[in-house]
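The values are calculated or read from the model by the stated rules, or taken from the named source; none is laboratory data. Worth saying up front: this structure is predicted, and the values here are computed from it rather than measured. When we count neighbours, we look across all protein chains shown, and the Cβ atoms used for this are built from the backbone with ideal geometry, even at glycine. The accessibility values were calculated without ligands, DNA or RNA, using every heavy atom of the protein model including side chains. Shrake-Rupley method; radii C 1.70, N 1.55, O 1.52, S 1.80 Å.
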Amino acid sequence: CSSDLYWLRKLITEGEWLDREESESAFKANSLNISYDDYFIICVFKIDNFASVKLENNMIYRDLIKFAIVNIMSEVISQSFSVESVEMYEDQMVSVIGIKAEQEDYMVKLLNKIKKSQEYVLQYFNISVTASLSEMVLNFREIPQGYEYALKSSLYRFSMGKMSIIVPEKIKQNISSTKEEYSKKFNKLLVEGIKTSNISDIEVSLKAILDD
């Protein structure tokens, strides 16, 4: 239903501005599978090699592919979670996944479902999709922040590879290892600067190490 999709997009992009009472009635009126008192994880799915996909398929077929991907994601994830999915932009689909407070081992189950849905998409369309997840969203008003987090996380596809599942923990590890590399680099530069009395190198190194 188009009103459901409109409301879902509004929730994803403008959730923090929505009145609670109005939202609760809208959740019920639109018959969404997720509940306003759930916790949430936002998952952004991006089509890999989208430039090639765009070149090889006309707009009608691309729309069909996106529609199919949204349905596959929802169908597979809904086996274990309440979920609503929607096409957002040309190469991007979003799932809002409801997590119950008492639900245990939800991350392992969710990652398995996402992996399975990625495999189905590859099998049926020969297209790979990368998934990026937000941290746990505790209130529906914070869904836009979760969406923004997942969207930014999707940039790590370049270092983690296509058809990967990018989770907050992986990003923290990636940032940590990158910082470690920089620290080693600047420590070396500092030592060299002291040896050669190069004031410029010493200043740059100290600033970088202190900022870290």
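So that you can scan it fast, the table gives a plain yes or no per residue for (1) farther than 18 Å from ALA150 by Cα; (2) modelled with pLDDT of 90 or more; (3) not aliphatic (A, V, I, L, M):
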site	(1), (2), (3)
ILE42	no, yes, no
ASP48	no, yes, yes
ALA51	yes, no, no
MET59	yes, no, no
VAL76	yes, yes, no
ASP91	no, no, yes
GLN103	yes, no, yes
ALA131	no, yes, no
Practice problem: Name the residue, out of ILE72, ILE114, ILE65, that is touching a residue at least 12 places away in the same chain (Cβ under 8 Å), farther than 28 Å from ARG141 by Cα and not in a loop (DSSP other than H, G, I, E, B). | Solution: ILE65
Quiz item: Residues VAL44, VAL83, VAL53: which one is in contact (Cβ under 8 Å) with a residue 24 or more places away in the chain, open to solvent by less than 70 Å² (accessible area, probe 1.4 Å) and either touching an Asp or Glu at 6+ places or on another chain (Cβ under 6 Å) or farther than 21 Å from VAL167 by Cα (or both)?
Solution: VAL53
Quiz item: Which one is nearest to ARG62 (Cα to Cα), of the residues in the range 102-118 that are of a type in the set (A, V, I, L, M) and open to solvent by less than 80 Å² (accessible area, probe 1.4 Å)?
Solution: ILE114
Self-check item: Output for the range 31-56, where each listed residue is in a strand (DSSP E or B) and either among the hydrophobic types (A, V, I, L, M, F, W, C) or over 20 Å from the mean Cα position of the chain (by Cα) (or both)
Solution: PHE40, ILE41, ILE42, CYS43, VAL44, PHE45, ILE47
